[in-house]
Amino acid sequence: MIIGKLKLNGNLILAPMSGVTNLPFRLLCKKYGAALVFSEMACSEAIVRKNPKSMERGFTSLEERPMGIQLLGSDPDILASSAVIMQETYRPEIIDVNLGCPDQNVIRNGFGSALLKDPEKIGEIIEKISGSVDVPVTAKMRILDSLEETCKIAWRIESAGAQALTVHGRTQKQGYSGKSDLDFIKCVKERLSIPVIANGDVFDEKQAMHVLEYTQCDGLMIGRAAMGDPYIFRRLSQYLDRGELLPARTFEERLDDFFGYEELCRKYDLMAYSDLKLKAQWFLKYKENIKPVREKINDARDVDSIIGIMRALRGNGF
Ligand SMILES: Cc1cc2nc3c(=O)[nH]c(=O)nc-3n(C[C@H](O)[C@H](O)[C@H](O)COP(=O)(O)O)c2cc1C
């Protein structure tokens, strides 16, 4: 897949996910074949104030390229300024605009999916950012109730200069309920000439193939299925490229991924107690009869205790 001048080595993309897609997690997904990875959304207003926590969301390394930084906001000038700051600080290959977040705190500020009410503002945002940075600008949107309105916004995004568009086939109101609507995604793909990336509910090989074939989209964005299972990218690409279903990942292999994550957190000085606890729970989530271990992790007071509990699982018959 090609986005602007950026040629990707595949069409499976890691979704931006707040609290999930930090650098170590993105590197794991990349290792297993994600062709492009996105940062957690970073608030433009906080970036122009150089808020350290928001700036940190763009933190990247050469190992993970190409990567995209996703921005959240509503003021076209502030978004453009924040894009310039992120470009100068981290040199991402892509700047993405969040037009999908349904969180109440986000929409109250007019950010994320709240922008879908205002196609002209979206156009202005994409134009301003595209005119301010020298990398491709992309957007990620949710659908609206009406197919026509959805396509109108998608078209405005393209005409304003975006180089690719991701469509999550749910409305703001749906949150994560119901199903991602493939007919809406297919229709957007038919009407645009820039690459369209389908997003929503891909958890296995067969669904990945179905979404790509049905919508004819150029790429597939994977979110929740990668949480605790970055290896999903290897499984999906193996199936899409060769029709081969890989054997289920063993528990030991999942533990290896957890320790791979831990190592990357140390390498990049990003170790955080609450984050490691959450990730440990995810890497265990596919395992049966593991409740007592999960409870122990819940009660763990520090990073070393979490790691100790996870190490003790190695080779002990689980
Ligand atoms: C924990 C979590 C955090 C998310 N954070 C973001 C975000 O920062 N930016 C964004 O555009 N979407 C965000 N999303 C939405 C995902 O990118 C994706 O659109 C959604 O999960 C649907 O894809 P999936 O069915 O593959 O998970 C988030 C989703 C989850 C579950």
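Assorted remarks:
- Label-to-label distance for LYS7 and LEU245 is 3.5 nm, based on points extended 7 Å past Cα in the beta-carbon direction.
- For the chain, the longest principal axis of the C-alpha atoms and the axis of helix 303-312 are separated by about 60°.
- Debye equation applied to the C-alpha atoms of region 237-318, log10 I(q)/I(0) at 0.16, 0.17, 0.18, 0.20 Å⁻¹: -0.65, -0.71, -0.77, -0.89
- Calculated diffusion of region 167-206, Stokes-Einstein form, Kirkwood radius summed over Cα pairs, 10 °C and 1.306 mPa s, µm²/s: 145 µm²/s
- Computed 3J(HN,Hα) for region 103-112, one whole-Hz value per residue from the Karplus formula 6.51 cos²θ - 1.76 cosθ + 1.60 where θ = phi - 60°, is 4, 4, 5, 6, 6, 4, 8, x, 9, x, glycine and proline marked x.
- Each stretch of four or more DSSP H residues adds -39500 (n - 2.57); spread over every residue of the chain, this sum gives -13500 deg cm²/dmol at 222 nm.
- Angle in degrees between helix 76-90 and the longest Cα principal axis of the chain, rounded to the nearest 10: 40 degrees
- Taking the DSSP beta bridges with both ends in region 35-101, the antiparallel portion is around 0 percent.
- Global form of region 82-233, assessed from the alpha-carbon gyration tensor, a/c cut-off 1.5: rounded
- Over region 23-171, the Kirkwood radius and the radius of gyration, each from Cα atoms, give a ratio Rg/Rh of 0.95.
- Acute angle (nearest 10 degrees) that the helix 232-242 long axis makes with the longest principal axis of the chain, alpha-carbon atoms: 70 degrees
- Restricting attention to the chain, close to 5% of DSSP beta bridges with both partner residues there are antiparallel.
- Scanning residues 5 or more positions from LEU144 or on other chains, those with amide H under 5 Å from its amide H are THR150, with H placed 1.01 Å from N in the peptide plane.
- Annotation: per residue accessible area for the chain equals 44 Å², rounded to a whole number [probe 1.4 Å, protein chains only].
- Kirkwood hydrodynamic radius over Cα pairs of the chain, then Stokes diffusion coefficient at 37 °C and 0.692 mPa s, in µm²/s: 164 µm²/s
The values are calculated or read from the model by the stated rules, or taken from the named source; none is laboratory data. Keep in mind it's a predicted model, so treat the numbers as computed, not measured. Glycine gets a Cβ as well: all are built from the backbone with ideal geometry, and neighbour counts include every protein chain shown. Remember, those area values only see protein heavy atoms, side chains included, never the ligands or the DNA or RNA. Shrake-Rupley method; radii C 1.70, N 1.55, O 1.52, S 1.80 Å.
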